[in-house]
Amino acid sequence: MRRLLVVEDDAHIREELCVLLTRNGYEALALTSFDDVAAQVLEAAPDLVLLDLNLPGVDGQYVCREVRRRSPVPIIVVTSRDNDMDELLTLSLGADDFVPKPYNDQVLLAHVASVLKRSYGEGAAAAEISHGGVTLDTARCRVTVGGQTAELTKNELKILALLMRNAGAVVSRQRIQEELWASDEFVDDNTLTVNVSHLRATLAKVGVEDFVRTKRGMGYLVE
């Protein structure tokens with residue numbers, strides 16, 4: 001499991017980012033003190049750093065330069081400073097990637113996976129997602145519970161992965177449809193209902209009932 005260090009002074013963003021990374025199979029660490037940030041990054045010895053530029057008392061570009069002088073650890077800058085000059089300067093100082101805020105969670109995860117693959121020659125986002133005793137193997141397209149395994153269809157996999165990555169939050173039908181199909185393709189709303197029903201039947205084969213809950217008028221939820 002790869003260790004990712006979040007360097008972000010906004011507590012709300014920091015917490016959300018750590019939850020996102022953890023749900024996607026990474027070990028998420030975070031700095032909560034910003035004294036001598038570069039030294040803290042080096043001491044933590046992460047596999048990848050997610051670095052904000054607007055830090056209290058120090059500029060993230062300075063941190064990037066100091067870390068890069070002493071370590072090859074991959075650095076992705078995640079910042080609201082999205083002008084071309086900041087991006088060019090940050091990359092010239094040794095950052096591996098630059099993601100402007102606000103970002104789409106899935107896009108950010110794709111950047112993380114890409115940098116990890118380039119840096120360590122390994123696959124993208126974590127292949128396994130676990131929640132509530134259910135383990136989803138996205139690489140093999142199957143779900144396992146208590147030693148019992150069932151194969152998933154492509155759509156079942158996409159729906160379950162999205163819900164498990166957002167466990168505890170209601171995911172709207174529209175968002176699930178956007179995950180499954182291109183936005184410019186017409187899809188009858190009943191198609192999603194059928195796919196969710198098939199997913200529930202597949203989960204029942206491995207002894208899981210009521211894992212995917214319906215929130216009427218809102219969407220679906222995995223608690």
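The values are calculated or read from the model by the stated rules, or taken from the named source; none is laboratory data. Remember, predicted model here, so these are calculated numbers, not experimental data. When we count neighbours, we look across all protein chains shown, and the Cβ atoms used for this are built from the backbone with ideal geometry, even at glycine.
Numbers at a glance
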| read-out | value |
| --- | --- |
| Residue check, Leu116 modelled with pLDDT of 90 or more and under 30 Å from Pro74 (Cβ atoms) | no |
| Close pairs (7 angstrom Cβ cut-off, 6 or more residues apart or separate chains): in contact (Cβ under 8 Å) with a residue 40 or more places away in the chain in segment 1-29, of a type in the set (Gly, Ala, Ser) and part of a helix (DSSP H, G or I) anywhere | Leu5/Ala44 |
| Selection count, segment 40-59, where residues are within 22 Å of the chain's Cα centre (by Cα) and of a type in the set (Gly, Ala, Ser) | 2 |
| Cβ-Cβ under 6 Å pairs, at least 6 apart or on other chains, segment 159-173 side closer than 13 Å to Asp105 by Cβ, far side among the hydroxyl-bearing types (Ser, Thr, Tyr) and outside any helix (DSSP H, G or I) | Ala161/Thr138; Val171/Tyr220 |
| Segment 25-48, residues that are among the β-branched types (Val, Ile, Thr) and out of contact with any helix residue (DSSP H, G or I) (no Cβ under 6 Å at 6 or more places or on another chain) | Thr32 |
| Residue list for segment 42-72, restricted to those being among the aliphatic types (A, V, I, L, M) and within 21 Å of Tyr103 (Cβ to Cβ) | Leu48, Val49, Leu50, Leu51, Leu53, Leu55, Val63 |
| Of all residues in segment 199-219 being assigned to a helix (DSSP H, G or I) and among the charged types (D, E, K, R), the one that is farthest from Arg173 (Cα to Cα) | Lys205 |
| Yes/no for Ala110 being small (Gly, Ala, Ser) and either over 25 Å from Ala161 (Cα atoms) or modelled with pLDDT of 95 or more (or both) | no |
| Enumeration of residues in segment 1-40 that are under 19 Å from Ala169 (Cβ atoms) and assigned to a strand (DSSP E or B) | Ala28 |
